[in-house]
Number of protein chains: 2
Amino acid sequence: MKQNAFVAGVGMTRFGKHIDRGMKDLAGEAINAALADANLSRDDLNAAYVGNAAAGVITGQVCVPGQMVLRELGIGKIPVVNVENACATASTAFQQAATMVSAGLYDCVLAVGMEKLFHEDKQRTFDVFTGAADTEDMDAVIEGIKATVKASGADLDMEGAGKTRSIFMDIYVAWAVEHMKKYGTTQRQFAAVSAKNSYHGSLNPRAQYQDLLTVDDVLNSREVVWPLTLPMCSPIGDGAAAVVLVSEKKARELGIADGGVRVASSVLASGWDYERDDEIKLPQKVAHQAYEEAGISPGDIDCVELHDASAPSEVLYYEYLGLCGPGEGGPLAESGDTKLGGRIPVNTSGGLLRKGHPIGATGCAQIVELTEQLRGQAGKRQVEGARVAVAENGGGFIKDDAAALVVSVLTT
Amino acid sequence: MKQNAFVAGVGMTRFGKHIDRGMKDLAGEAINAALADANLSRDDLNAAYVGNAAAGVITGQVCVPGQMVLRELGIGKIPVVNVENACATASTAFQQAATMVSAGLYDCVLAVGMEKLFHEDKQRTFDVFTGAADTEDMDAVIEGIKATVKASGADLDMEGAGKTRSIFMDIYVAWAVEHMKKYGTTQRQFAAVSAKNSYHGSLNPRAQYQDLLTVDDVLNSREVVWPLTLPMCSPIGDGAAAVVLVSEKKARELGIADGGVRVASSVLASGWDYERDDEIKLPQKVAHQAYEEAGISPGDIDCVELHDASAPSEVLYYEYLGLCGPGEGGPLAESGDTKLGGRIPVNTSGGLLRKGHPIGATGCAQIVELTEQLRGQAGKRQVEGARVAVAENGGGFIKDDAAALVVSVLTT
């Protein structure tokens, strides 16, 4: 980035099953909180990027959901872009907003992520898989998963793939059994991720689940599909999160240019590499680019929010983000190093597994958590002396990668 | 804009009812044509903005439709942003792509608009109104329309508003009767727009409707809701359009920096102005800003593509874009000045009324037409000596304005 964007304000709702609240209400709470946090008013905004992944099929508001939400708050006139990139939707809104500010095009931009999957009266829910993978090729996707599982030598009943559960859980199973076979990673190590994130979630009043689980609790829970038990899978949810980004000039006016939270880099990439070197996964490339642009190395990172849509994903992302070497993700999960108080706390918010995963809101919620960490405002979840934070979020599925992936580095 | 973006290549499908073709196929045709037209390959692309407004509810591919389409063409790795802004969806994709190139962030960006509303086998169609206005407040929207119609003194049967037809046609009726009352505009003048655009459409092999209609043909057609007859309403359709935008540096490499098509400005705004001066409509403000950034005045414009979702809209936009004074839109429609060969031809493509209106594709299709005009490649539709072209496109409905509006100025 040519210049930096600053995070001036953040806000979010509690994530969860908000059966009595609509998307306007949820997004309104998050946006108002972010503006208040930034000491800015709606009149300061030059543009808005509003992310929503799937609520249209539930609410009927297929088009211009961003404008409908903003109107309720008296925000008009400005350019509003509705963006979508599956689970990376709000990360994309954030990345686009940061890029526009960083390029000098705007002084103050709102990035919003919002989702409404539980319907107010019908209690309908949206199964992620109908949208985020390629619906036309769903059979091919399932065959690919089965082939990966078979090649790993695992003997699993995959008949329910994409039927009795979200197809994404089957994708994660394929990745998990591959990792287990290659590196000896254990189901217990995956369970350690869920237990750790339940501890973090228990300290986060905005988390969907706040109960504390032991590793044995996780292992003894209902099996979704081996090796995943229920607490190893992220839930469906409703919620919203908002971030106000400002230019260096505006940051100076607000008194946050020194010591405030800067977006040192934010990189978006699409996940399908038709000339892919199989030894280097896309997340590694994107992380490498984001670290390079920010001038950091993995050793500099103090805390991380990453896309733990399943417990095995967190183990894999430890490695992709360079928090440990290849194959060392399982032992790292058990070591305590990624728990609050450890060397490099990961998903202090509770992560997708415990804070919840309202698809289109998740990316901005990661920025909310990391901003509070860098400001020293994370309360019981505070990572002492946090100066460098990384957010990673992937969305959709295309061939064997995320359809969209964003890695952002925040510093103070 | 700080520097200019150039239109290096354009491509589109014929618009219409492509019952036998899916969105990947349609978008693929448009993208391949645009890349070939630009003499560029997929490897030259640095990013893609993909617009789709409503196909997800028909195809089931709610999330990441852009990545799904691009994968089919072997386009991966690059940042892909799925954008939506109702009828202004593809204009937003174009505006974002042009802005990114202009800011120096990329050398080569693809903007795509695509729509699939007729389902391949089910022949289901999507009624625009379920998405593009505020579904939660639909009753309030309808009451607003009825109040406007009543205030204009018209005695219309509005019982079918938003029920037997798209709510948008009722919105246009409200605007039309207001204009008729205030300026004496006639139904025959609206019909003149449809007749003129049918002439343009008859010369455009990519138009959904290519038959020629006289003013009397239009007036004698089935009434949708007075004063609109069927040819005064734009149709539902399938189709795709693509534009390749390049930096000045890349334009020099391609030999189009001199004499090629430049994006002199592209302005996006949201349509709700909570402190609105009723005498100045949002489209006027956006057009003014776009003209100012491009350094042109209305007298410089050689041809225009504008959002004639209904015939009265074209009359109103004549005035908003400064092609004539307030209240002079009706007489201008009848004068022949906006017909091929006239002073300032409008919608030489046939416009939304005749070329068709696959919602998410329309904005890029306007750029395709204008680029061909500026290059002198428009064949029978050529506007002689065209040097300055304007595209206007509005999307959605919020209070009494478009939820999103884009005005772009192209020059050569």
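The values are calculated or read from the model by the stated rules, or taken from the named source; none is laboratory data. Because the structure is a prediction, the values reported are computed rather than measured. FYI the Cβ positions are ideal-geometry reconstructions off the backbone, even for glycines, and counts take in every protein chain you see.
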- Query: How many residues, within the range A:106-126, are within 11 Å of chain B (Cβ to nearest Cβ) and either crowded, with 21+ Cβ neighbours inside 10 Å or modelled with pLDDT of 95 or more (or both)?
  - Reply: 2
- Query: Taking the range A:230-256 on its own, how many of its residues are β-branched (Val, Ile, Thr), within 21 Å of the chain's Cα centre (by Cα) and modelled with pLDDT of 95 or more?
  - Reply: 2
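Okay, residues lined up against (1) outside any helix (DSSP H, G or I); (2) under 16 Å from the mean Cα position of the chain (by Cα); (3) modelled with pLDDT under 95:
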site	(1), (2), (3)
A:217	no, no, no
A:259	yes, no, yes
A:263	yes, no, no
A:279	yes, no, yes
A:289	no, no, no
- Query: Looking only at the range A:51-104, which residues are facing chain B (nearest Cβ under 8 Å) and acidic (Asp, Glu)?
  - Reply: A:84
- Query: How many of the residues making up the range A:5-21 are of a type outside the set (Gly, Ala, Ser) and crowded, with 21+ Cβ neighbours inside 10 Å?
  - Reply: 7
- Considering only strands (runs of 3 or more DSSP E) wholly within the range A:302-412, the ones with at least 1 residues that are hydrophobic (A, V, I, L, M, F, W, C) and within 14 Å of chain B (Cβ to nearest Cβ) are A:404-411
- Message: I'd like the full set of residues that are within 8 Å of chain A (Cβ to nearest Cβ) and either at pLDDT 95 or above or part of a helix (DSSP H, G or I) (or both), limited to the range B:127-138.
- Response: B:130, B:131, B:132, B:135, B:136
- Task: Pull up the range B:371-401, narrow it to residues that are touching a Phe, Trp or Tyr at 6+ places or on another chain (Cβ under 9 Å) and modelled with pLDDT under 95, then point me to the one that is surrounded by the most Cβ atoms within 10 Å (Cβ to Cβ).
- Result: B:394
- Task: Give the range A:337-356 a look and list any residue that's in contact (Cβ under 8 Å) with a residue 40 or more places away in the chain and more than 23 Å from residue A:169 (Cβ to Cβ), or say none.
- Result: A:339, A:340, A:344, A:345, A:348
- Task: Would you point out the residue of the range A:146-160, among those that are loosely packed, with under 11 Cβ neighbours inside 10 Å and not small (Gly, Ala, Ser), that is farthest from residue A:176 (Cα to Cα)?
- Result: A:159
- Applying the selection to the range A:315-333, what residues are touching a Ser or Thr at 6+ places or on another chain (Cβ under 8 Å) and under 17 Å from residue A:353 (Cβ atoms)? A:315, A:318, A:329, A:330, A:332
- Message: When the residues of the range A:67-78 are narrowed to those that are surrounded by 23 or more Cβ atoms within 10 Å (Cβ to Cβ) and more than 10 Å from residue A:23 (Cβ to Cβ), which ends up modelled with the lowest pLDDT?
- Response: A:76
- Verdict on residue B:305 being under 14 Å from the mean Cα position of the chain (by Cα) and of a type in the set (Asp, Glu): yes
- Message: Return the residues of the range B:180-192 that are over 22 Å from the mean Cα position of the chain (by Cα) and assigned to a helix (DSSP H, G or I); say none if nothing qualifies.
- Response: B:180, B:181, B:182, B:183, B:187, B:188
- Are any residues in the range A:12-40 closer than 16 Å to residue A:368 by Cα and aliphatic (A, V, I, L, M), and if so, which ones? A:12, A:26, A:27, A:30, A:31, A:33, A:34, A:35, A:36, A:38
- Task: Give just the number: which of (1) of a type in the set (Val, Ile, Thr); (2) more than 18 Å from the chain's Cα centre (by Cα); (3) assigned to a helix (DSSP H, G or I) does residue A:164 not satisfy?
- Result: (3)
- Please go through the range B:22-40 and pick out each residue that is surrounded by 18 or more Cβ atoms within 10 Å (Cβ to Cβ) and either of a type in the set (A, V, I, L, M) or in a loop (DSSP other than H, G, I, E, B) (or both). B:22, B:23, B:26, B:27, B:30, B:31, B:33, B:34, B:35, B:38, B:40
- Message: Going residue by residue through the range B:243-261, is there one that turns out to be surrounded by 19 or more Cβ atoms within 10 Å (Cβ to Cβ), touching an Asp or Glu at 6+ places or on another chain (Cβ under 6 Å) and within 14 Å of chain A (Cβ to nearest Cβ)?
- Response: yes
- Item | Filter pass, residue A:172 being touching a residue at least 60 places away in the same chain (Cβ under 8 Å), among the hydroxyl-bearing types (Ser, Thr, Tyr) and in contact with a strand residue (DSSP E or B) (Cβ under 9 Å, 6 or more places away or on another chain) | yes
- Note on the structure: Of those in the range B:13-50 that are of a type outside the set (D, E, K, R) and touching a Lys or Arg at 6+ places or on another chain (Cβ under 6 Å), the residue farthest from the other protein chains (Cβ to nearest Cβ) is B:15
